[in-house]
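The structure appears right after this line, and notes come after that.
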Amino acid sequence: MLKIEQLAAGYGNIKALKNIDLSVPVGSIVSLIGANGAGKTTAMKVIMGLLKPDSGQILFKGQNINGVATHKIVSAGLSLVPEGRNILCRMTVLENLEMGACQRRDNEVQADMKRIFRRFPILEERKSQLGGTLSGGQQQMLAIGRALMSRPELLLLDEPSMGLAPLVVSDIFKVIQEINQEGTTILLVEQNVRQALKIAQYAYVLETGKMILHGQAKDIANNPRVMEAYLGGKKVG
Amino acid sequence: MFWQQMVNGITLGSTYALIALGYTLIFGVLNIVNMAHGEIFMFGAFVGLILATKFNIGIFGALLGAMVAGAVLGYLMERLALRPLRRRKVSELAPLISTIGVSIFLESLALRLFGPQAQSFPGVYSTQLFEIGGLKISAVQILILAISFGLMLVLRFWLSKTQLGKSIRATAENIETANLLGVDTQKIIVLTVMLASALGGGAGVLVGLAFNAIEPTMGITMGFKGLAVLILGGLGNITGAMVGGLLLGVAEVFSVAYGVSSYRDAVAFGLIIVLLFLRPQGLFGSQEQQGGR
Ligand SMILES: Nc1ncnc2c1ncn2[C@@H]1O[C@H](COP(=O)(O)OP(=O)(O)O)[C@@H](O)[C@H]1O
Ligand SMILES: [Mg+2]
């Protein structure tokens, strides 16, 4: 579904991504893991067209989306839940969800809204509250729900578990799995390596802008280098 | 006397509110103060005047013409003076300087086209006086109140209920997020600048009617007042611009009524300074940093 080849990008003199390759097969969950500053968010921004790459190719369903405007990438079927969630704090929960569907002209928007409310009942309870009044976990649910409102074929999630309580984190991972089972392909960026590898089929490890490892999620989880650096040396159960 | 001044103040203030709304909308999506807004307002006044005097078009037609002229100027400004700067990495001050350039250009152009003398609308609108419960209110005042409050209500409704309105609000809050949600933010920016400029052009006609004097330099003082209201209301806050505009109008009228007419502007701006001491973020501004850019 998504194929990235020899992608390089950065901010002025800082080379944040050095010729990375990555591919996300249809229907899968692929995890992209790496420490703070590895370049994960930069990769998401480049895919979504928020940052122009220096070189390389980004193919989505066979089409080159390199240099395409962000709103057109969204209408092509990609959606990002950004790092830090970026809830529109001065708009209501309902308006946030409506904004997620702002490009849609079909008549199933209301049905999708109901589906989101069934998945996250708390959002329906608070639908007329301002986005800024939600707790961190609720904001993450809203960010995911909002991204789903555009009916993406490929959903990118940038550190959805960041700053959340452990119980909420496992909820979020469960939701990600459910979304995938309902047919949405997922590229998951995480520092919560243990959980991210548990739900993924395939994984990539990014270190200071270079893709140092990739393979089946199970194999990555048992890779000594990964265990050492990200899993505190213990085996994943 | 008090209520009479109140009516006069609210009438004047409603035109300030309209002008301030233009600043507010543009500040919301672009995070810049549009220094050419006063001159777009002045151009609107002249276009309305010409339509009313030379073409004998009624006041509503003149108002509509002024708003269209404002929108066209806004469009040209966005395409020629603002967008080219957004494409490049330039100083944050560059677009501000660019709008100052546009304002100087428009003022010189107006001098050329319309001449330096003050001109006025035909007197038909100002003669009629109505008495409502002891209050005297002129046809012009009723017209100004109805149009400016009408426009403000429509704008509020439009921003809160329509998809385009919501997209403007989303872009104003965080342009990158709006982009990620699929909003064509370039289009929204043009649309917002046109909308703001249309409101400015319309306000030009209303102020022209109220003061019965239209001249190429009228954009400067009005521009500063709108700017003051933008800050008073809380940068980028729609409600703040409306309330702040009314407040400034009322303060001005009362300072004239109670004997300090030569300090009319000083009193009004003094009041703003005092209010900002008490609430640095403006009447309706939030503590946090506003805007997404
Ligand atoms: N806006 C920016 N300007 C300059 N450098 C940046 C910017 N954003 C990120 N960087 C740098 O790029 C590198 C990668 O950052 P990022 O993609 O955010 O990493 P991650 O998401 O993996 O934590 C870091 O060295 C970071 O300092
Ligand atoms: Mg990051």
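The values are calculated or read from the model by the stated rules, or taken from the named source; none is laboratory data. Computed from a prediction, not measured in an experiment: that's the story for all the values here. Counting neighbours? That spans all protein chains shown, and the Cβs are built from the backbone with ideal geometry, glycine included. Ligands, DNA and RNA are excluded from the accessible area calculation, which covers all protein heavy atoms including side chains. Shrake-Rupley method; radii C 1.70, N 1.55, O 1.52, S 1.80 Å.
Points worth noting:
- Cleavage-rule hits, trypsin sites (Lys or Arg not before Pro), the stretch B:1-93, DSSP coil, Cβ neighbours within 10 Å at most 13: B:Lys54, B:Arg88, B:Lys89
- In terms of its alpha-carbon gyration tensor, the stretch A:103-206 comes out oblate; a/c meets the 1.5 threshold, while b/c is at least as large as a/b.
- B:Glu131 - accessible surface, heavy atoms, 1.4 Å probe, Å² rounded to 10: 130 Å²
- Value of relative contact order over the stretch A:2-230, rounded to a whole percent, pairs C-alpha under 8 Å and six or more apart: 28 percent
- From its DSSP helices (H runs of at least four residues, each -39,500 (n - 2.57)), chain B gives a residue-normalised ellipticity at 222 nm of -24000 deg cm²/dmol.
- Split the accessible area of the protein assembly as shown by element, probe 1.4 Å, and carbon with sulfur accounts for 60%.
- Averaged over peptide A:68-74, the number of partner chain Cβ atoms lying within 10 Å of each residue's Cβ comes to 5.
- Surface listing: B:Thr162, A:Thr133, B:Thr185 arranged by accessible area from highest to lowest gives A:Thr133, B:Thr162, B:Thr185, probe 1.4 Å.
- Across the options A:Leu188, B:Gly202, B:Ile214, the greatest Cα extent toward the positive end of the charge dipole of the protein assembly as shown (unit charges at beta carbon of Lys, Arg, Asp, Glu) belongs to A:Leu188.
- Subtracting the Cα-Cα distance of A:Ser170 and A:Ser75 from 0.36 nm times their residue separation leaves 31.2 nm of extension gain.
- Positions from the stretch B:158-174 whose accessible area shrinks by 50 Å² or more when the full protein complex is built, not the chain alone, probe 1.4 Å: B:Gln163, B:Lys166, B:Arg169, B:Glu173
- Placing a label point 7 Å from the Cα of A:Met162 along the Cα-to-Cβ direction, the residues of the stretch A:179-201 whose backbone N falls under 15 Å from that point are A:188-193.
- Helix-only [θ]222 nm of chain A, DSSP H runs n ≥ 4, -39500 (n - 2.57) each, per residue, nearest 500: -10000 deg cm²/dmol
- Cα gyration tensor shape of the stretch A:2-230, rounded if a/c is under 1.5, else prolate or oblate by comparing a/b with b/c: prolate
- Nearest-ten-degree value, helix B:185-211 long axis tilted from longest Cα axis of chain B: 10 degrees
- Each part gets one Cα centre, and for the stretch A:1-51 versus the stretch B:14-51 those centres are 43 Å apart.
- The stretch B:147-214 and the stretch A:65-99 have Cα centres lying 22 Å from one another.
- Amide proton proximity set for A:Glu207, modelled H, under 5 Å, gap of 5+: A:Ile212
- Ligands, DNA and RNA excluded, the heavy atoms of A:Asp171 present near 70 Å² of accessible surface to a 1.4 Å solvent probe.
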